[in-house]
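The values are calculated or read from the model by the stated rules, or taken from the named source; none is laboratory data. It should be emphasised that the depicted structure is a prediction, and the values quoted were computed from it without experimental measurement. All Cβ positions, even for glycine, are placed from backbone atoms using ideal geometry, and neighbour counts span all protein chains on display. Only protein heavy atoms, including side chains, enter the accessible area calculation; ligands, DNA and RNA are left aside. Shrake-Rupley method; radii C 1.70, N 1.55, O 1.52, S 1.80 Å.
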Amino acid sequence: MKYIFVTGGVVSSLGKGLAAASIGTLLERCGLKVTLQKFDPYLNVDPGTMSPFQHGEVYVLNDGAETDLDLGHYERFVHCSLSRLNNLTSGQVFESVLRKERRGDYLGKTVQYIPHVTDEIKNRLYEVTEKSDVDIIITEIGGTVGDMEGHIFLEALRQFALEVGRDNVCFIHVTLLPYIKAAGEMKTKPTQQSVAKLREIGIQPDVIICRTEYDMSEDERRKIAMFCNVEAKNVIAFRDVKNTIYECPLDLSQDKIDRIVTRRLGLDVPAPNLADWQRYVGRVISPSHSIRIAVVGKYIALQDAYKSIYESFTHAGAENDARVEILRIDAEEIEEKGAEAMIGSVDGILVPGGFGDRGIEGKIQTVEYARTKGIPFLGICLGMQVAVIEYARHICGMDDANSTEFDQKTTHPVISLQEEQKGIQAMGATMRLGAYKALIRPGTLAHKLYGKDSVTERHRHRYEFNPAYRDELENAGLVISAVNDEHGLVEVVELPEHPFFIACQYHPEFQSAPNR
Ligand code: GLN
């Protein structure tokens, strides 16, 4: 097994995840089998309990793991199928070490950062090695080199490289070259200092990826090489991409990062065949028409909160030769100003998932607007729940219909907790999570869209369509077009007399990828 470790320096938000994913794309196109994982130094066991405002989207895997959104990039850029093993946090590391301590596994010993915590981290690397049928594991380390909380992970990697042989490991450090306008210069000092920090720990990076706004000169490249103790050709420029993140692999391939990495790891593989990826990027960049979709949600201010949905728009756009312009609308503003004023005329409306009652009435107004004006509508998760509430209120005359998440005393709990959810107190990893199979009713819009009788999609929710209201809503005209194959839980609803009105309890965006 060969290993690539991707660390970050100077500042966060450098696109380390995209860099890691893009290297994966290139190596896969050299004919190698690749998987990716992320180590996150925070103390949460997983990001599932963090607000999207803190952390961006929580990305869900097939096995139900709630993970960092970078895993979404991994699955979109590489044909890998990830599991909960692929996202390790400090929270998991310490939880496990402390459980072992209480059990007496270390009996007689003082439990210490080295070796007990570092062993725990290395064990994960060995476990993924054993369980993955791949040639290369790419591991991204969250945070910035120099952070106190990331230190122990870097120490573990240093030890690990020694154990598996330095020639099987490639360290890639992603840094920033800030441009100082007044001086008209790009500055290499932060990069030098962050590499110095890495070397202090005993890690000499093999490759340095420099995020820049402007082209890097040969002088700057040589300077970084000399101060950071790497060959000049191993200093890679990573310019801000112009149009789409799917350009990243093409950009990185210009400095031949795939050649450098594979040579470093002693792999003799052909140059990557990027023809399909280039074609894809071409389709993303220059479609023949454009459409406007309103996304009405709660976490609109934050670009990353609905990451997979926004990415899905890019995929769907490329598929349909369209640029998808996104109109981001805060559901709370709809409550103040009305749907007509805020949304106006658009080609489609999407209400995404969410938690908590803020903006709920605005989302219900949005559904009503889409339904009565015949505007194409897609509801996802909470978006389906509000669609059901809207239908119950305005078509079935259940004026106070609601979800018990927002109104415990409603006389019409059309969305409610499943029996098995009722006793649950703990918040972490207790929702209905991961892939479940849904059976699709023939003759419905859902069936037409999927073109098959069953589909497996990923879930992340606690509340469900209340089966007690099924008959009444169906009799009124709501069509239930997919149900869970084991429990019959409602998965998809639609309105046949509407041009395009469909809503699903699951998150189809998690499985959307370029050309897939
Ligand atoms: N808050 C809702 C629930 O828990 C919807 C969750 C979501 O949209 N992901 O069921």
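The table below lists the values:
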item	result
Net lengthening on full extension, Tyr113/Met1 (0.36 nm per residue, minus Cα-Cα)	37.7 nm
Rounded, prolate or oblate (a/c below 1.5 giving rounded, otherwise prolate when a/b exceeds b/c) for segment 271-372 by Cα gyration tensor	prolate
Nearest-0.05 FRET efficiency for Asn243 and Lys131, computed from C-beta distance (R0 45 Å)	0.75
Length released on extending from Ser13 to Ala435, taking residue separation times 0.36 nm less the Cα-Cα span	149.0 nm
Met50-Leu85 pseudo-label distance in nm [points 7 Å out on the Cα-to-Cβ vector]	2.4 nm
Trypsin sites (Lys or Arg not before Pro) within segment 1-95: DSSP coil, no more than 16 neighbouring Cβ in 10 Å	Lys33
Helical mean residue ellipticity (222 nm; -39500 (n - 2.57) per DSSP H run of 4+; nearest 500) of the chain	-10500 deg cm²/dmol
Cβ-placed point charges (K, R +1; D, E -1), dipole of segment 130-177 about Cα centre in debye, nearest 20	140 debye
Share of carbon and sulfur in the accessible heavy-atom surface of the chain [1.4 Å probe, %]	49 percent
Quarter of Cα convex hull surface for segment 342-397, i.e. mean projection, nm²	3.7 nm²
Relative contact order for the chain, counting Cα pairs under 8 Å that sit 6 or more residues apart, in percent	15 percent
Where the chain is the region considered: accessible area per residue in Å², 1.4 Å probe	43 Å²
Hypothetical label at Met427: residues of segment 298-327 whose amide nitrogen lies under 20 Å (7 Å Cα-Cβ projection)	298-300, 302, 305-306
Whole-number percent relative contact order across segment 48-102, with pairs defined as alpha carbons under 8 Å at least 6 apart	25 percent
GluC sites (Glu not before Pro) within segment 450-493, DSSP loop, no more than 10 other Cβ atoms inside 10 Å	Glu486
Cα coordinate range in segment 308-435, projected on the principal axes (Å, largest first)	48, 34, 23
Loop-located trypsin sites (Lys or Arg not before Pro) in segment 424-472, at most 14 other Cβ atoms within 10 Å (DSSP)	Lys452
Assigned charges on the beta-carbon of Lys, Arg, Asp, Glu; the chain dipole about Cα centre (debye)	1540 debye
Under 27 Å from the Cα of Lys256 - lysines, other chains or at least 8 residues apart	Lys2, Lys16, Lys33, Lys38, Lys187, Lys189, Lys197, Lys223, Lys233, Lys242
Residue (of Leu433, Ser512, Pro496) at the positive-pole extreme of segment 433-516, dipole from beta-carbon charges	Ser512
Stokes-Einstein D in µm²/s, Kirkwood radius over Cα pairs - segment 215-353 at 37 °C with 0.692 mPa s viscosity	178 µm²/s
Amide hydrogen neighbours beyond the local backbone of Ile236, cut-off 5 Å, H modeled	Ile208, Ile209, Cys210
Net charge over other residues, Cβ less than 14 angstrom from the Cβ of Ile380 (K, R count +1; D, E count -1)	-1
Summed residue charge, Cβ within 13 Å of Ser403's Cβ, Lys/Arg positive, Asp/Glu negative	-3
Area accessible to solvent at Asp219, 1.4 Å probe radius, in Å²	100 Å²
Net charge contributed by nearby residues that have their C-beta within less than 14 Å of Gly443 (K/R +1, D/E -1)	+1
Length-normalised contact order for segment 153-228 - Cα pairs under 8 Å, 6+ apart - percent	36 percent
Selection from His315, Ala331, His116, by position along the positive dipole direction of the chain (Cβ)	His116
Cα gyration tensor, segment 380-513 - rounded (a/c under 1.5), prolate or oblate	oblate
Ratio of the Cα radius of gyration of segment 43-86 to 2.2 N^0.38 Å, where N counts its residues	1.11
When segment 97-240 is reduced to its Cα atoms, the Kirkwood hydrodynamic radius in Å	17.3 Å
Theoretical gain in end-to-end length, Lys33 to Glu472 [0.36 nm per residue, Cα-Cα removed]	152.9 nm
Using alpha-carbon coordinates, inclination of helix 118-131 to the longest axis of the chain, degrees	70 degrees
Peptide ranges 367-374, 288-295 listed from the most packed, as the mean C-beta count within 10 angstrom indicates	367-374, 288-295
Rounded to 10°, Cα long-axis angle of helix 189-201 versus longest principal axis of the chain	80 degrees
Per residue convex hull volume, Cα atoms of segment 15-104, in Å³	105 Å³
For segment 124-182: rounded, prolate or oblate by the Cα gyration tensor [a/c cutoff 1.5]	prolate
Over the chain: Kirkwood hydrodynamic radius from C-alpha pairwise inverse distances, Å	24.7 Å
